[in-house]
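First the structure, in the form of structure tokens, and then the observations on it.
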């Protein structure tokens, strides 16, 4: 019998406690839960208040050193292709054209003074595939490939997830290719000429 | 006990301010020989249910539950999401009215109707104001308790007609629950009827009016009156299938219980019936124990708060406010307590509420006979 009344008492007390808690939360809904960080002294004191974030309009800022969307600073890219080989899921696609000797100045140098020897007409990163492992960024010799703090880059069309970083237009690419081909044919012709001369000299 | 005290301080209406004046005037209103006034009397609670469930019922509950859980609730449609319910209704109206191929077509279609009619019929005897009551029956309270039992038929028809195991489980649970909880609920209300000495809803209200406001309410009528009040409140939760007694719906076990197969407007009707009966039990508990349309404010000397805040319009305000307060408590409980198990539900009904209801019944009877 005492158990019976004990149960009723426990029921009444626990219901009252629970209702007290929900009512406290109900009245605390007039203000937002504080935004103190984990290292803040008040972190565990800010239990009450609305905690919903109305996402597209309000965001928690990502840390400055956060590693999310991959970005290539193409001005510093020397087109070495290390990243393409390092990527475990092959999300980087790259095409390079050798720079003609008289174009070296036009192609320019990286920010730390290294002469770029490749045009990079195609540098495509499929960010839909990218798993932000960061291997490509570690192998990059000029540190031009890095993860940015941009975390939300959702798209309605999947093809928009393919990011193009190439620094040449189609016409330019065509021109550079032709130039290189000309130089190469020239060089080849010269080489053959030299070889023929050498043969002639040998005969003599 | 004051009798027939209808304050004259309210806004004068063409129909007069005396007891049941508005509803009597409406009942006598004929157009082209048709009793149009009677239709209007029936339409008023219907419009009220629709409006209140649209605003307070759905939007209010979503907001209240959100705030209790530190969320924001609907925020996108309109400012603070106030148009969310309109958007929901537009969606419901456009939905295809599906009747499952293997369902019992007749029962499936008729179920929600019976359910709604069951909860709506009790509105006939709810005095919305001193001057308005649908049907001034001298057995109003008895009618209100009895007619609600029709809901069980609707739930069983819906559950059985759906030809779905979850629906059937939900319906069977609901029937067991409602039939069981009607006993403590009825006995608790009988305590109120004993204190009043009548079953007439308007007379119960009149008996609770007086210049001391809330002190005349039956809740403070006897030292034991809080017990039937509490018992009726708990039992009424079970009768309208609200949490923690929502095992007929039990969304985590039974998908949606007896209305699993319903969609579109039939679902909306079931929803409306639930909100209708929520207000109905809240109104009954405020009529029997908290003075119905009487103002709770007392007259303090020359500041006649009670006289100023009584009258037909004030009466409607008070009874709706009291009803909304109890609906808030129902929502508050819903977002606080977990659902009871079936055996716990029956334990609570038969081993706790029913004996205590009998005790309070006997004590109230003793108090009524030997009160000083």
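The values are calculated or read from the model by the stated rules, or taken from the named source; none is laboratory data. Quick caveat: nothing in here was measured; it's all calculated off a predicted structure. Here Cβ is always computed from backbone atoms with ideal geometry, including for glycine, and neighbour counts include all displayed protein chains.
Can you find, within region B:330-346, the residue that is farthest from residue A:7 (Cα to Cα) among those that are in a helix (DSSP H, G or I) and more than 9 Å from every other protein chain (Cβ to nearest Cβ)?
Looking at the filtered set, the residue picked out is B:331.
Could you please let me know if residue B:295 is more than 30 Å from residue B:117 (Cβ to Cβ) and within 22 Å of the chain's Cα centre (by Cα)?
yes
Among the residues of region A:99-116 satisfying the criterion of being touching a helix residue (DSSP H, G or I) at 6+ places or on another chain (Cβ under 8 Å) and under 30 Å from residue A:161 (Cβ atoms), which is modelled with the lowest pLDDT?
A:108
Restricting the search to region B:61-85, which residues are at the interface with chain A (Cβ under 8 Å from one of its Cβ atoms), in contact with a helix residue (DSSP H, G or I) (Cβ under 6 Å, 6 or more places away or on another chain) and part of a helix (DSSP H, G or I)?
Hits for region B:61-85 are B:64, B:67, B:68.
If you go through region A:152-170 one residue at a time, how many are loosely packed, with under 14 Cβ neighbours inside 10 Å and more than 21 Å from residue A:117 (Cβ to Cβ)?
Number satisfying all stated conditions: 11.
So, of the residues in region B:23-43 that are part of a helix (DSSP H, G or I) and touching a helix residue (DSSP H, G or I) at 6+ places or on another chain (Cβ under 7 Å), which turns out to be surrounded by the most Cβ atoms within 10 Å (Cβ to Cβ)?
B:23
Do the conditions hold for residue B:46, that is, is it in contact with a helix residue (DSSP H, G or I) (Cβ under 8 Å, 6 or more places away or on another chain), in a helix (DSSP H, G or I) and either away from chain A (no Cβ under 14 Å) or closer than 30 Å to residue A:33 by Cβ (or both)?
Yes: the conditions hold for residue B:46.
Would region B:102-125 turn up any residue that is touching a strand residue (DSSP E or B) at 6+ places or on another chain (Cβ under 9 Å) and surrounded by 15 or more Cβ atoms within 10 Å (Cβ to Cβ)?
Checked against the condition, which is being touching a strand residue (DSSP E or B) at 6+ places or on another chain (Cβ under 9 Å) and surrounded by 15 or more Cβ atoms within 10 Å (Cβ to Cβ), region B:102-125 yields at least one hit.
Test residue B:209 against the stated conditions and say whether it is surrounded by fewer than 21 Cβ atoms within 10 Å (Cβ to Cβ) and out of contact with any helix residue (DSSP H, G or I) (no Cβ under 6 Å at 6 or more places or on another chain).
Details: surrounded by fewer than 21 Cβ atoms within 10 Å (Cβ to Cβ): no; out of contact with any helix residue (DSSP H, G or I) (no Cβ under 6 Å at 6 or more places or on another chain): yes.
The answer is no for residue B:209.
Being more than 18 Å from residue B:289 (Cβ to Cβ) and surrounded by fewer than 20 Cβ atoms within 10 Å (Cβ to Cβ) is the filter here, so list the residues in region B:320-334 that pass it.
B:332
Just give me the residues in region B:303-323 being touching a residue at least 40 places away in the same chain (Cβ under 8 Å), farther than 14 Å from residue B:126 by Cβ and part of a helix (DSSP H, G or I), in sequence order.
If the condition is that a residue be touching a residue at least 40 places away in the same chain (Cβ under 8 Å), farther than 14 Å from residue B:126 by Cβ and part of a helix (DSSP H, G or I), then B:305, B:306, B:307, B:308, B:312, B:313, B:314 are the ones that fit.
Across region A:1-13, what is the total count of residues that are more than 9 Å from chain B (Cβ to nearest Cβ) and part of a helix (DSSP H, G or I)?
Residues that pass the stated criteria total 8.
Please verify whether region A:48-56 includes one or more residues that are more than 14 Å from chain B (Cβ to nearest Cβ), outside any helix (DSSP H, G or I) and on the phi > 0 side of the Ramachandran plot. So that I can check it myself, show each step before the final result.
Step one: of region A:48-56, the residues more than 14 Å from chain B (Cβ to nearest Cβ) are none.
So far as region A:48-56 goes, no, none of its residues is more than 14 Å from chain B (Cβ to nearest Cβ), outside any helix (DSSP H, G or I) and on the phi > 0 side of the Ramachandran plot.
With over 18 Å from residue B:346 (Cα atoms), in contact with a helix residue (DSSP H, G or I) (Cβ under 8 Å, 6 or more places away or on another chain) and surrounded by fewer than 24 Cβ atoms within 10 Å (Cβ to Cβ) as the only criterion, which of B:262, B:275, B:258 stands out?
Going through B:262, B:275, B:258 in turn, just one is over 18 Å from residue B:346 (Cα atoms), in contact with a helix residue (DSSP H, G or I) (Cβ under 8 Å, 6 or more places away or on another chain) and surrounded by fewer than 24 Cβ atoms within 10 Å (Cβ to Cβ): B:275.
Run residue B:224 past the list (1) under 15 Å from residue B:330 (Cβ atoms); (2) part of a loop (DSSP other than H, G, I, E, B) and report the number of the one that doesn't hold.
(1)
Go through region B:73-83 and report how many residues are surrounded by fewer than 19 Cβ atoms within 10 Å (Cβ to Cβ) and under 22 Å from residue A:49 (Cα atoms).
Residues flagged as surrounded by fewer than 19 Cβ atoms within 10 Å (Cβ to Cβ) and under 22 Å from residue A:49 (Cα atoms) within region B:73-83 amount to 6.
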